[in-house]
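I have placed the structure first, in the form of structure tokens, so that the comments after it can refer back to it.
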Amino acid sequence: MSLRLIGILIIWTPFFGVAQVRGLVRGIRANDTLTLNGAKVKLLRAKKATFTDANGKFELFLGKQTPDTLVVLASGYLPDTVVLTRDDRFSALSLMLFSDLLKPEVIVERKAKNGIVKLSIVQMERISSGELRRAACCNLSESFETNASVDVNISDAVSGARKIQLLGLDGVYTQFQLDNVPFLRGLEAAFGMQSFSGIWLEGIQISKGTGSVVNGHESMAGLINLSVKHPSNANEFLVNMYANRFGRGEVNAIASMPVSEKWATSILVNGSLNKLPIEENNDGFLDVPLYQNGAIMNRWQYNGDKMEAQLAVYGYLDNRLAGQLPNALGVNPFQMQFDNEHLECAVKTGFFGKQEGESVGIIQQAKTHKLNGFYGGTALGGQRTISGRENRYYVSVNYDRTSENGKHQFKGGVANNLLFINQRADVIIYNRTENTSGLFAEYALVTNRLSWQTGLRFDYHSLFGAFFVPRMHLKYALTPKIDWRGTAGRGWRVPNFLIENNALLANNKTWVMPIEGVLPEISWNVGNSLVVELQLLKRKVTWTSDVYYTWFERQLVVDRDASENDIFFSYLSNGSSSLAVQTEMDVELSKQWNARVAYKYLKVQAIYDSMMQQQPMIPSHRILATGSWTSMNKRWQADLTLNMVGAMRMPSGYMGAMKSPWYPYVFGQFSHQFKQLKVYLGVENMLNYKQSNPIISADDPSDPSFDATMVWGPITGINVYGGFTYIFKPKKL
């Protein structure tokens, strides 16, 4: 097999220039914590200084020369220093000063914490690298296990593919970015999450609802940005190995090095395979697919006095085989096989403007993806084939300007996306070439209490014409510890519904396509959130509640209720919506104990079988409870998480049952940190809960009632896994 990158001229492209750093300074005296007014904040190398306002907030421009040292001084408190790099641009810092009357603790490392980014206008939730390591985070689909906002489900009982949901909507309505470059678009959305290593990640940022118009028009339910470890600040050498009782083995490695004073590079490698046939529920089908996957990424980073640049090349090969065991009865055993080939190149550069807070950026990406697979028997025994080919080129030019006092921010630019895509499922073929050009502008006003961001985007699609995308975000600080945020906006996307619904081939039903062919989906989203920080029994508590409502002007709906023998694809006009309500509480029980409890209610409706109903296989209720313990010396850590998944409405024809039962999913992990080596041991599905009938008519795949897509719960039982992470950092001379 060969991979060929689209032959294009890649121009060095800008990303960000001199940027604003904001922060909040608090002081600790005895058992009280308060915001500090008039604390002096200065950058030693840039020779700039400012003072915090009445709410403890400050703003400074990070100079062109980095790293720089940020010093915070306040009368009656011990000073503190933080080293800032270019990666801290546009960041929000939370700094604590200890009273000079207290015996201070020695802070050996500054870590990005979980939770809502306080100074962001848009509600942005951060998953830190520490949070990612609380579970078996080996690929991206396993990186949301302890997060209440993002749900991960199995698409069918054969392929084992995973898909996410945000606000109760399928993952295709969530825009993914990899360091602010479009990611997991088009054909790679089907299996791309399981081919990207979670070990490579420095963190994940999640924003609900429509995001900034600068990021594009496809953020309909939210945006997830993946931050990969950069060459300039990644570990010099990291290796991670993982294995579980089902035969899965995985190895990850990261090697980074400085090439010169301004250049640095890193190589990230991932390999994963499972060659052990597991069949424990006695239905004749493999419980876990057999697969082999290899991925590699090479990143380059340049930090100059007048510009900076980043180059990333990423590719992977993925092969999966599942279905009935090789010794299954019958001439043509039911099997599934998928081959994915992917290669992409992204280039970003940033040129600093003549004035502080001014920059120009260009982002370019070229990618190619090829997919081939089938569900069923052999070519002579009812094989249902699926294939696709995608070539894409994306470019975005951005201008960014922030006033000297930081109150006024303007972003604007142009973008273009050229796409060649072919799709085929059985005898259904959808090929198209499209060119989408966009023009966008965004203005933000930032004050001590009220912040306002509004943007407008105009897109012209070569097949579907013009689209206007207005979006607005508000943030109001009711008190220094209570923030309210509101959002409203529009989004649209062109569905690739053959590949996006490939799991529905794991049955004997006939697909009935929409008579209109391919049309864009259009949605509106409104939402608001409240974040409260408080002290409860002298312990810090963060309470977050949000409500988001999405309705579609037009949505492609998959109707599995109208017929037991057919699956209908049709467009609904103003006939589908989603209401998502979530409340979450994080509690620091002590210096060693942390806990989180969350509840989510989903009402996702559309017209199925000529009546408004809850979307099938979407639980109306979810409960998450998680706890973490860390020893005093920070070497031992234990984590335990409980997911209670509510009842789901099942499509017609499912075993005569209208709803699935509630079920628990419990997992935990225990780890120990040696000097450079961390070992971990974990257990998933501790209660050994399994869906008893994941495949209908599993004994006869040729029967019209055969269906492997009615999956509402775990297929495999208790799973024990273990591994280690070794980090080597050479001593600096």
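General remarks:
- Rel. contact order, % - alpha carbon contacts under 8 angstrom, at least six apart, segment 124-728: 11
- The helix-only estimate of mean residue ellipticity at 222 nm for the chain, built from DSSP H runs of length n ≥ 4 each weighted as -39500 (n - 2.57), is 0 deg cm²/dmol after division by the residue total.
- Integer Hz, Karplus 6.51/-1.76/1.60 couplings in order for segment 584-591, x for Gly and Pro: 9, 10, 9, 10, 8, 5, 6, 5
- Average Cα contact separation per residue, segment 554-594, under 8 Å, 6 or more apart, as relative contact order %: 31
- Mean Cβ neighbour count within 10 Å, used as a protection proxy, ranking 675-685, 121-131 highest first: 121-131, 675-685
- Scalar couplings 3J(HN,Hα) for segment 202-217, obtained by applying the Karplus form with A = 6.51, B = -1.76, C = 1.60 to θ = phi - 60°, are 8, x, 10, 10, 10, 10, 9, x, 6, x, 6, 5, 5, 7, x, 9 Hz; x denotes Gly and Pro.
- Taking label positions 7 Å along the Cα-Cβ direction at both residue 634 and residue 422, the computed distance is 5.5 nm, reported to one decimal.
- Between residue 292 and residue 620, the C-beta separation translates, for a Förster distance of 35 Å, into a calculated FRET efficiency of about 0.35.
- For segment 522-529, putting each phi into the Karplus relation 6.51 cos²θ - 1.76 cosθ + 1.60 with θ = phi - 60° gives couplings of 10, 9, 10, 9, 10, x, 8, 9 Hz, in residue order, rounded to whole numbers and with x for Gly and Pro.
- Spin-label model, residue 458/residue 672: points 7 Å from Cα along the beta carbon direction are separated by 6.5 nm.
- If the chain linking residue 718 and residue 273 were pulled fully straight, counting 0.36 nm for each residue of separation and taking away their Cα-Cα distance, it would gain 158.2 nm.
- Modelled this way, with points 7 Å down the Cα-to-C-beta line, the labels at residue 601 and residue 532 are 1.7 nm from one another.
- Taking 686, 611 and counting other C-beta atoms within 10 Å, the order from fewest to most: 611, 686
- Every Cα-Cα pair in the chain was counted, and those over 45 Å apart are 20% of them.
- Taking segment 590-733 and dividing mean pair separation by its residue count, relative contact order in percent (alpha carbons under 8 Å, at least six apart): 17
Every read-out reported here was derived from the displayed coordinates using simple, explicitly stated rules and does not represent laboratory data. Because the structure is a prediction, the values reported are computed rather than measured. Neighbour counts are summed over all protein chains in view; Cβ atoms, including those assigned to glycine, are modelled from backbone coordinates with ideal geometry.
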